[in-house]
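Novice: Right, I'll just put the structure down here and ask away after.
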Amino acid sequence: MNTSHIVHRDMRYPIPFISVTITLFSLLQSLLSPCRPPPACTAHVQCTRTRSERKLSSCCHRSSGVRIKKENKETNHNMFSNQEGKKKKKKKRLVANYFVSLPITNEKILENIQIFQDHVVQKDDRFSSVMKNKGSYHLTLCLMQINREEDVSTAIDALLESKVKIENILQGKNLVLQFLGVSDFFNQVVFAKIAEDSSKAKLKEITDTVKNTFKEKELFKVVNKSSIPHLTLMKMESAPDLQEQGVIIYPSLYGTFRKHYFGDETVSRLDLCSMDKARQPDGYYHTEASIFIGCSSDGHT
């Protein structure tokens, strides 16, 4: 039997046909993919980037992302800080232009203040410009900022409302404040101290009542630096030239007055005063309204 003949008959396609089909397929593949780089070139690029280089590249991308995040955080922090700074600047612009005053009218106290001033100026005449004027001695109970004229009427109403509350605190008795000794705030403000007694406690209660009454009217915008009112005798703020030179009020200037008795003030009146409007002839502040309290309480103006 001829075996070659059997093999040829059992094959599905003749050998020449297969060869042509493979050739045509290769040609078609090359035509459809003309821009694909040769296999050898691709293999070369992949081989040149070692595992360590690929790892380093990946780390660089990650670290770059971290830097961007940090920069974003810093930018956000700076923006937040700037906004906070603007808010603080706005708060600093809030300056009091009205206040509730407790005027000092006892001539003995005023005379002792003059003796104190003469003593200090005799020691150092530079401080003559930082003394308070005789007609402006008072205690400040409440500071506020009023920008509209219609709000002045509201402030007057608040002062009148506080009168009833103050009378309830005093219960028909006079409030007598004793000024004894001298102290200072950071060598910038010198004041006569109020004696530590029940009258000082009453004064604090009255001060808080006045503040709260004005706060209810949405007028109390500036808080007093001191919770207890004080009788200012001299302050460096009145002499900016000396402040720029770094001059301060040395305690040695008034050492002999540390326990000096200035006198007693019987509180009879509270005033709503303006800092901006022209002062009265005696040097006292322009007064919008007043209330009378204690035993001498007989009305208001």
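The values are calculated or read from the model by the stated rules, or taken from the named source; none is laboratory data. Quantities reported herein were computed from a predicted structural model and do not represent experimental measurements. Quick reminder, even Gly has a Cβ in these numbers, built from the backbone with ideal geometry, and neighbours come from all protein chains shown. Surface accessibility is based on the protein's heavy atoms, side chains included, excluding ligands, DNA and RNA. Shrake-Rupley method; radii C 1.70, N 1.55, O 1.52, S 1.80 Å.
Novice: Go through the stretch 178-193 residue by residue and tally those that are on the phi < 0 side of the Ramachandran plot and either of a type outside the set (S, T, N, Q) or out of contact with any strand residue (DSSP E or B) (no Cβ under 6 Å at 6 or more places or on another chain) (or both). Can you show your working first?
Specialist: Residues of the stretch 178-193 on the phi < 0 side of the Ramachandran plot: 178-180, 182-185, 188-193.
With the extra rule that they be either of a type outside the set (S, T, N, Q) or out of contact with any strand residue (DSSP E or B) (no Cβ under 6 Å at 6 or more places or on another chain) (or both), the set shrinks to 179-180, 182, 184-185, 188-193.
Within the stretch 178-193, residues that are on the phi < 0 side of the Ramachandran plot and either of a type outside the set (S, T, N, Q) or out of contact with any strand residue (DSSP E or B) (no Cβ under 6 Å at 6 or more places or on another chain) (or both) number 11.
Novice: Then there is this: Please give the number of the condition residue 184 fails out of (1) open to solvent by less than 50 Å² (accessible area, probe 1.4 Å); (2) under 15 Å from residue 260 (Cα atoms); (3) at pLDDT 95 or above.
Specialist: (3)
Novice: On to the next question. Out of all the residues in the stretch 116-133, is one or more within 18 Å of residue 101 (Cβ to Cβ) and exposed (fewer than 15 other Cβ atoms within 10 Å of the Cβ)? Before the answer, list the steps.
Specialist: So the first thing to find is which residues in the stretch 116-133 are within 18 Å of residue 101 (Cβ to Cβ), and the list is 132-133.
Next, only the ones that are exposed (fewer than 15 other Cβ atoms within 10 Å of the Cβ) stay: 133.
Checked the stretch 116-133: at least one residue is within 18 Å of residue 101 (Cβ to Cβ) and exposed (fewer than 15 other Cβ atoms within 10 Å of the Cβ).
Novice: Please report, ordered by residue number, the strands (runs of 3 or more DSSP E) entirely within the stretch 205-293 with at least 1 residues that are under 18 Å from residue 120 (Cα atoms) and within 26 Å of the chain's Cα centre (by Cα).
Specialist: Details: elements: 231-235, 261-267, 269-274, 286-292.
Qualifying strands (runs of 3 or more DSSP E): 231-235.
Novice: Take residue 149 and decide whether it is of a type in the set (Asp, Glu) and either open to solvent by 60 Å² or more (accessible area, probe 1.4 Å) or under 23 Å from the mean Cα position of the chain (by Cα) (or both). Talk me through it step by step, then tell me what you get.
Specialist: Details: of a type in the set (Asp, Glu): yes; either open to solvent by 60 Å² or more (accessible area, probe 1.4 Å) or under 23 Å from the mean Cα position of the chain (by Cα) (or both): yes.
Yes.
Novice: Under 8 Å between Cβ atoms, which residue pairs at least 6 apart in sequence (or on different chains) link something in the stretch 94-110 that is in contact (Cβ under 8 Å) with a residue 12 or more places away in the chain and open to solvent by 10 Å² or more (accessible area, probe 1.4 Å) with a partner that is part of a strand (DSSP E or B) and among the β-branched types (Val, Ile, Thr)?
Specialist: 94/222; 95/222; 96/222; 106/266
Novice: Anything in the stretch 158-176 that is open to solvent by 80 Å² or more (accessible area, probe 1.4 Å) and either part of a helix (DSSP H, G or I) or in contact with a helix residue (DSSP H, G or I) (Cβ under 8 Å, 6 or more places away or on another chain) (or both)? List them, or say none. Spell out how you get there, then give the answer.
Specialist: Filtering the stretch 158-176 down to residues open to solvent by 80 Å² or more (accessible area, probe 1.4 Å) leaves 164, 168, 171, 173.
Passing the criteria: 164, 168, 173.
Novice: Let me ask another. Looking only at the stretch 174-185, decide whether some residue is under 22 Å from residue 282 (Cβ atoms) and of a type in the set (Asp, Glu).
Specialist: To start, the set of residues in the stretch 174-185 that are under 22 Å from residue 282 (Cβ atoms) comprises 177, 179.
Next, from what is left, pick out any that are of a type in the set (Asp, Glu): none.
No: zero hits.
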